[in-house]
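Presented below is the structure to which this report refers.
The values are calculated or read from the model by the stated rules, or taken from the named source; none is laboratory data. Given the structure is predicted, the values throughout are model-derived calculations rather than measurements. Methodologically, a virtual Cβ is constructed for each residue, glycine included, from the backbone with ideal geometry; neighbour enumeration extends over all protein chains shown.
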Amino acid sequence: MSQVKALVLFSGGLDSMLAAKVLEEQGVDIQPLCFNSIFFSCTRAEKIAANFGWKLKVIDISQGILKLVKNPPSGYGKNLNPCLDCHALMIKKAGEYLTPNPSPRQERGTNPLASRKVGEVYDLIATGEVLGQRPFSQNREALAQVAKLAGVEILRPLSAKLLPLTQAEKSGLINRHRLLDIKGRSRQRQLELVEKYKIKEYSSPAGGCLLTDQEFSQ
């Protein structure tokens, strides 16, 4: 059987690290993916990915971000940050690398990976988002809205047990029982995973986007 392949949005922050490790632990071939632009970079992500022996994939979305800053469909965050639309753009770009969904007529017991295309094609997209960690961009409604805007299903390994089943779980590509139910702003569960995975270096969950900076936004 072919190995399940996942694109994991990877900022180099602790949550994206843990999401990748949770999937890797159940045998998933993970590909960390970082988006850069004129407002944020992948410097930290490149360093952290190298520490794990992962080769980071980088995609520039500067043009798309500039359009969103001028006219964000979902509005701004605290400053000039169009977080929901920016995240949806990232997911949509990542979605271009997904393998087509298996036919609903597919016989039970057949291998959903048998028709994999040759080349860089992945079975699912995952992120390190935690339900309720950020009141504006990671509440239940916002998580659903991002997936709807992008038109792509998202697996969130750290909070998956608190969220609706994804197709990857329904089809058996991912074992839901081995995913987690983390929620809220406490970091206790994440720190326990740091010990479990013996992670030596990680940063705070604060973002590195210039659009969230009050002085820059003025």
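Can GLN167 be described as at pLDDT 95 or above and closer than 20 Å to GLN133 by Cα?
Numbers: at pLDDT 95 or above: yes; closer than 20 Å to GLN133 by Cα: no.
No, not satisfied.
Checking the condition of a type outside the set (D, E, K, R), in contact with a helix residue (DSSP H, G or I) (Cβ under 9 Å, 6 or more places away or on another chain) and surrounded by fewer than 19 Cβ atoms within 10 Å (Cβ to Cβ), which residue from ILE38, ILE48 passes? Before you say what the answer is, go through the steps one by one.
On the way: ILE48 fails: surrounded by fewer than 19 Cβ atoms within 10 Å (Cβ to Cβ).
Answer to the check: ILE38.
Just a yes or no: is a residue in segment 106-121 at pLDDT 90 or above, under 14 Å from the mean Cα position of the chain (by Cα) and on the phi < 0 side of the Ramachandran plot?
No, the conditions are met nowhere in segment 106-121.
What number of residues within segment 127-185 are hydrophobic (A, V, I, L, M, F, W, C) and surrounded by fewer than 17 Cβ atoms within 10 Å (Cβ to Cβ)?
Of the residues in segment 127-185, 4 are hydrophobic (A, V, I, L, M, F, W, C) and surrounded by fewer than 17 Cβ atoms within 10 Å (Cβ to Cβ).
Of the residues that make up segment 206-216, is at least one touching a Phe, Trp or Tyr at 6+ places or on another chain (Cβ under 6 Å), surrounded by 17 or more Cβ atoms within 10 Å (Cβ to Cβ), at pLDDT below 90 and part of a loop (DSSP other than H, G, I, E, B)?
yes
Going by the conditions given, is SER11 modelled with pLDDT of 90 or more, part of a loop (DSSP other than H, G, I, E, B) and either crowded, with 18+ Cβ neighbours inside 10 Å or in contact with a helix residue (DSSP H, G or I) (Cβ under 6 Å, 6 or more places away or on another chain) (or both)?
yes
Across segment 58-75, which residue is modelled with the highest pLDDT among those that are out of contact with any helix residue (DSSP H, G or I) (no Cβ under 8 Å at 6 or more places or on another chain) and closer than 29 Å to TYR202 by Cβ?
Top of the filtered list is ASP60.
Are any of the residues in segment 1-24 more than 20 Å from TYR197 (Cβ to Cβ), under 16 Å from the mean Cα position of the chain (by Cα) and basic (Lys, Arg)?
yes
Enumerate the pairs (first residue in segment 119-147 and free of Cβ contacts under 8 Å to residues at least 24 places away in the same chain; second residue anywhere and among the aliphatic types (A, V, I, L, M)) with beta-carbon separation below 8 Å, excluding pairs fewer than 6 apart on the same chain, so at least 6 apart or on different chains.
If the second residue must be among the aliphatic types (A, V, I, L, M), the pairs left are GLN138/VAL130; GLN138/LEU131; ASN139/LEU131; ARG140/LEU131; ARG140/LEU163; LEU143/LEU131; LEU143/ILE154; LEU143/LEU163.
Got a sec? Which of LYS55, LYS21, LYS93 is assigned to a loop (DSSP other than H, G, I, E, B) and modelled with pLDDT of 95 or more?
Residue meeting the stated conditions: LYS55.
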